[in-house]
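S.K.: Take this structure first; my questions come after.
Every number in this text was worked out from the coordinates using simple rules, so none of it is lab data. Quantities reported herein were computed from a predicted structural model and do not represent experimental measurements. As a convention, Cβ positions derive from the backbone with ideal geometry for all residues, glycine included, and neighbour counts pool all protein chains shown.
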């Protein structure tokens, strides 16, 4: 994955985060009544029931900070850093129990999830140029 493809995935990851937060807020307000914006922000930051959402937000914040530092220092992100961000993004897209429940309840969550998955390039199998080990013909180098 290149920095350009990671930058291109950022809006889809942000939209997924916003959509998940919106779905969680709707669920809370359905059960507990209308929440003031400050109370909602406090819940997002402190409520253990919403802790599953924090890694996605942290990923986007860390990515923004790393890209900002790279621009300021005129030093590109290393391939290892890009791979780490990509791996973290993929981990955030693996639905846990609450995420699965929201996917079943809210079509907008399904579409945001789909868009985030599509925004990340496909995982390449190990080997050279996407070849699986042992796919090369004997004697080819």
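S.K.: With only alpha-carbon atoms in the gyration tensor, what are the semi-axes of the equivalent ellipsoid for the chain, in Å, largest first?
M.R.: Working through the eigenvalues yields semi-axes of 35, 20, 11 Å.
S.K.: Using per-residue counts of other Cβ atoms within 10 Å, averaged over each peptide, order 28-34, 93-99 from highest down.
M.R.: 93-99, 28-34
S.K.: Here's a follow-up. Full extension from residue 78 to residue 2: what is 0.36 nm times the residue separation minus their Cα-Cα distance, to one decimal in nm? Kindly include the intermediate steps, with their values, before the conclusion.
M.R.: Details: separation 76, 0.36 × 76 = 27.36 nm, distance 0.97 nm.
Contour length minus Cα-Cα distance gives 26.4 nm.
S.K.: Would you mind putting 15-24, 65-74 in packing order, based on average other-beta-carbon counts within 10 Å, highest first?
M.R.: Numbers: 15-24: 19.2, 65-74: 11.3.
Highest mean packing first, the order is 15-24, 65-74.
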